[in-house]
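Below you'll find the structure, written out as structure tokens, and then a few comments.
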Amino acid sequence: MTRSQTGKSGKCRFCGSPLTQTFVNLGMSPLCESYRSQEQLNQMEPFYPLHVYVCGKCFLVQLEEFVPPEEIFTEYAYFSSYSDTWLSHARSYVDTVTKRFGLTAGSFVVELASNDGYLLQYFVQKRIPVLGVEPAANVAEVAVSKGVPTLVNFFGVRTAKELASGGQRADLIAANNVLAQVPDVNDFVGGMKVLLKPGGVVTVEFPHLVRLIEENQFDTIYHEHFSYFSFGTAERIFAAHGLVLFDVEEIPTHGGSLRIYGRHSDDRSKAVHDAVLRLKERETAYGLDCLDRYTSFDEKVRETKRKLLEFLIRAKREGKRISGYGAPGKGNTLLNYCGIRTDFLDFTVDRNPYKQGKFLPGTHIPIHPPEKIQQERPDYVMILPWNFKDEIVQQLHYIREWGGKFVVPIPEVTVIP
Ligand SMILES: [Zn+2]
């Protein structure tokens, strides 16, 4: 299967079964990272269906691929290092795995989708050799300037074979928040199998489907995220490529993620932990082996939209001024699906200078530097990257000087005084 065919045929990108069951239909939406410039505002803007299916055979929740990843990821606006929370998460990960797996100056660590070097920089500080693989040239450049060697490429079996034949096999492969973005999941996991040294460890982090359903995180669905994993589906996919998941942790990032630990299936040196069995039992008890658990999500999402709009309409009728905070991809799914434009949100702000002066895709809400909030003194600040809610409420404590309040839209609209 080649990259361009995967997921376009209405077939499951893992097992190939036809996709007929809807998980959630969020209507038509633009690519959530395609921020618009002033000049682009009067031009046509492509919208694609944001219709998520669940495979009736393997239960992989997935979107069809409408736009080749080459178009999405070659100039990517997301720089991981603009979040303090994310950086401290990366640092503590590096400390933990270095200790647990005894990594030294003689080890080799590869990160897939290494972004701007936000994670590998901490291995470099420990003098552990690293390589980043990152398809977006503009973010890879930033990594290289920090002293993180980076290969600008998509990862899959081909790239893995090139590295392995050059003697570069990894003791540790890290892949954080990239598995969802891979159109050909079999090629990606197959590549990990090739790149991993005997005795090596793979760690992969992805948002947990249970949390997405339970906490209504439908705004984490966007065109750039092709798949949404439970532990069970991840385990089936890794097993199909000769990798066993021997441990799992639940971590708070992105609204609740899993960090899975994989090894070669013939590597007997690492026993499968109880945590794996316990999580599988919990997923079964939650109903992830039954189609109903998935197909009931759509109505839950519609009700969340109605509640959010009810709040916004009431606030506007009372003459309140509302701004956004942040311009994350998830904000764009939420705003487009709910039809929230400058009729509700006057503007939003973002710390990332790449986004400042631009407009949100689809809704065309202007993005300003964070200081704009202090100048405009809105009554409500709606936090779009709700996964960083605590950090943001702390940073913006000053809005209370003028009686400003925070609004968090997910799991359902909540006001924080
Ligand atoms: Zn399937």
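The values are calculated or read from the model by the stated rules, or taken from the named source; none is laboratory data. What you see is a predicted model; the values in this text were computed from it and never measured. All Cβ positions, even for glycine, are placed from backbone atoms using ideal geometry, and neighbour counts span all protein chains on display. Calculation scope for accessible area: heavy atoms of the full protein, side chains included, ligands and nucleic acids excluded. Shrake-Rupley method; radii C 1.70, N 1.55, O 1.52, S 1.80 Å.
Calculated FRET efficiency, Ser37 and Ser145, Cβ-Cβ r, R0 25 Å, to nearest 0.05?
Details: r = 25 Å, r/R0 = 1.01.
So the FRET efficiency works out to roughly 0.50.
Taking 7 Å steps out from each Cα toward its Cβ at Lys126 and Arg236 produces label points 3.5 nm apart.
Computed on protein heavy atoms with a 1.4 Å probe, the accessible areas place His397, His368 in the order His397, His368, largest first.
Electrostatic bookkeeping for Gly326 treats Lys and Arg as +1 and Asp and Glu as -1; over the other residues with beta carbon under 11 Å from its beta carbon, the sum is +2. Computed about its Cα centre, the charge dipole of the stretch 178-249 is approximately 340 debye, with only Lys, Arg, Asp and Glu carrying charge at their Cβ.
Ordered from highest to lowest accessible area with the whole protein assembly present and a 1.4 Å probe, Cys290, Cys15 read as Cys290, Cys15. The angle separating the long axis of helix 185-195 from the principal Cα axis of greatest extent in the chain is about 40 degrees. Positive end of the dipole of the stretch 345-417 (Cβ unit charges, origin at the Cα centre): among Pro378, Ile416, His368, the Cα lying farthest that way belongs to His368.
Solvent exposure of Ile410, expressed as accessible area, is near 10 Å², computed with a probe of 1.4 Å over the protein chains only. Anisotropy class assigned to the stretch 185-307 is prolate, per the alpha carbon gyration tensor with a/c at or over the 1.5 cut-off and a/b larger than b/c. With a 1.4 Å probe rolled over the protein heavy atoms of all chains, the accessible area of Val144, Val178, Val124 falls in the order Val144, Val124, Val178, largest first. Between Arg236, Arg377, Arg282, where does the largest GNM mean-square fluctuation fall for the chain, given springs only between Cα atoms within less than 10 Å? Per the Cα network of the chain with a 10 Å cutoff, Arg282 tops the list.
Quarter the surface of the alpha carbon convex hull of the stretch 301-383 and you get the mean projected area, 5.1 square nanometres.
Using heavy atoms of the protein chains and a probe of 1.4 Å, the accessible area assigned to Glu205 is about 0 Å². For the stretch 171-236, just list the percent of Cα-Cα distances falling in each 10 Å bin from zero outward, please. All Cα pairs, binned at 10 Å, distribute as 19, 51, 24, 6, 0 percent. Using a Gaussian network model on the chain with a 10 Å cutoff between Cα atoms, which of Tyr93, Tyr122, Tyr35 fluctuates the most? Among Tyr93, Tyr122, Tyr35, the largest mean-square fluctuation in the Gaussian network model of the chain belongs to Tyr93.
For Arg351 and Ala275 in the same chain, what is the full-extension length gain: residue separation times 0.36 nm, less their Cα-Cα distance, in nm?
Numbers: separation 76, 0.36 × 76 = 27.36 nm, distance 3.77 nm.
Computed gain between Arg351 and Ala275 is 23.6 nm.
For the chain, take N as its residue count and report Rg(C-alpha) divided by 2.2 N^0.38 Å. The partial results should precede the final answer.
On the way: Rg = 21.4 Å, N = 417, 2.2 N^0.38 = 21.8 Å.
It is 0.98.
Pull up the DSSP beta bridges for the chain and report the antiparallel fraction as a percent, rounded to 5. If you can, show how the numbers build up before the last one.
Values: 31 of 57 bridges.
That works out to approximately 55 percent antiparallel.
Counting only protein heavy atoms and using a 1.4 Å probe, the accessible area of Asp84 comes to about 80 Å². Can you give the angle from 0 to 90° between the axis of helix 84-100 and the longest principal axis of the chain, with both taken from C-alpha atoms, to the nearest 10? The angle comes out near 20 degrees.
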